[in-house]
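J.: Here you go, one structure.
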Amino acid sequence: MESIICKHWHHCPAEEVTTLLTTDPSRGLSLFEAKHRLGHFGPNMVTAKKQKGPLIRLLLQFHQPLVYILLAAAVITLLLREWVDSSVIFGVVIVNAVIGFIQESKAEKAIESLKQMMATQATVLRDGKWMQIDSIDLVPGDIVRIQSGDKVPADLRLLSGRDLQVDESALTGESVPVIKKEGALSPDTILADRHNMAYAGTLVTYGQAQAVIVATGNKTETGRISDMIDAAADLSTPLTLKIASFSKVLLVAILILAAL
């Protein structure tokens, strides 16, 4: 099962998808099998890496060579009783730290909002009966029903539908709802053109459909976005790299001048 979860589902015919996922479109998964898969794949939710605490994130804003220089200058001017100069330098350092802290907090809120995008109720077929469950309990192979007003609970491959339209703006940036159809597509079809798929966190604006879940949690496209945000959090931009390099040169120059 694990080895097929990353297949190009949009390219496979609907019958092949259900066969690969060992599920029955007319009865869905059994309760026992669903519980077993939930234990294997985990809950259907986006999990981000553990974030640093607020105090640590605030202190890290001061962990920069240029900030060290400014703090040293502020202390020296304070000892020289240059109150205005010292106050201005301390003010600049504090404002810089606050702005950096706020920006990191916004990034964490963005990751948290991705988690909330997948939280919803889902109509799922288990043992031949339709039932309402929390989307967190869905697993690959579950047969679900979506209709106008529903939030798509996981990454789905459509099996059948009627006039289905989905707002995918949060995922692809498309400004208008996308018309969905269940037919197989070319393997190199880009995500925005995969009209036989519906992705976690998007919104059904019209019609209805029956679909099979092909990915849950961090394996969904929404989960991949969360992983990329986590990975990008520790990356340095060209500007910050140049500032760090300049700060080191400036520090050396200051030390040489001070020695002279």
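J.: Can we say residue 84 is open to solvent by 70 Å² or more (accessible area, probe 1.4 Å), at pLDDT 75 or above and in a helix (DSSP H, G or I)?
T.: When the stated conditions are applied, residue 84 passes them.
J.: Another question, then. Restricting to the range 99-146, and then to whatever is assigned to a helix (DSSP H, G or I) and hydroxyl-bearing (Ser, Thr, Tyr), can you tell me which residue is modelled with the highest pLDDT?
T.: 135
J.: Next up: Of the conditions (1) within 16 Å of residue 145 (Cβ to Cβ); (2) among the hydroxyl-bearing types (Ser, Thr, Tyr); (3) modelled with pLDDT under 90, residue 160 satisfies every one except a single condition; which number is it?
T.: Single failed check for residue 160: (3).
J.: Please enumerate the residues belonging to the range 23-34 that are over 20 Å from residue 220 (Cβ atoms), out of contact with any helix residue (DSSP H, G or I) (no Cβ under 6 Å at 6 or more places or on another chain) and either surrounded by 13 or more Cβ atoms within 10 Å (Cβ to Cβ) or among the β-branched types (Val, Ile, Thr) (or both).
T.: If the condition is that a residue be over 20 Å from residue 220 (Cβ atoms), out of contact with any helix residue (DSSP H, G or I) (no Cβ under 6 Å at 6 or more places or on another chain) and either surrounded by 13 or more Cβ atoms within 10 Å (Cβ to Cβ) or among the β-branched types (Val, Ile, Thr) (or both), then 24, 27, 30, 33 are the ones that fit.
J.: Further, regarding this structure: Within the range 198-217, which residues are crowded, with 18+ Cβ neighbours inside 10 Å and among the polar types (S, T, N, Q)?
T.: Passing the criteria: 202, 210, 216.
J.: Is it true that residue 43 is modelled with pLDDT under 80, in contact with a helix residue (DSSP H, G or I) (Cβ under 7 Å, 6 or more places away or on another chain), of a type outside the set (A, V, I, L, M) and surrounded by 14 or more Cβ atoms within 10 Å (Cβ to Cβ)?
T.: no
J.: Further, regarding this structure: So which residues in the range 168-197 are assigned to a strand (DSSP E or B) and surrounded by fewer than 18 Cβ atoms within 10 Å (Cβ to Cβ)?
T.: Scanning the range 168-197 gives a single hit, 179.
J.: What is the one condition in (1) loosely packed, with under 14 Cβ neighbours inside 10 Å; (2) out of contact with any Gly (no Cβ under 9 Å at 6 or more places or on another chain); (3) of a type in the set (Lys, Arg) that residue 162 does not satisfy?
T.: For residue 162, the exception is condition (2).
The values are calculated or read from the model by the stated rules, or taken from the named source; none is laboratory data. This one's a predicted model, so the numbers in the text were calculated from it and none came from an experiment. No Cβ is skipped: glycine too gets one built from the backbone with ideal geometry, and neighbour counts run over all protein chains shown. These accessible areas exclude ligands, DNA and RNA; they are computed on the full protein's heavy atoms, side chains included. Shrake-Rupley method; radii C 1.70, N 1.55, O 1.52, S 1.80 Å.
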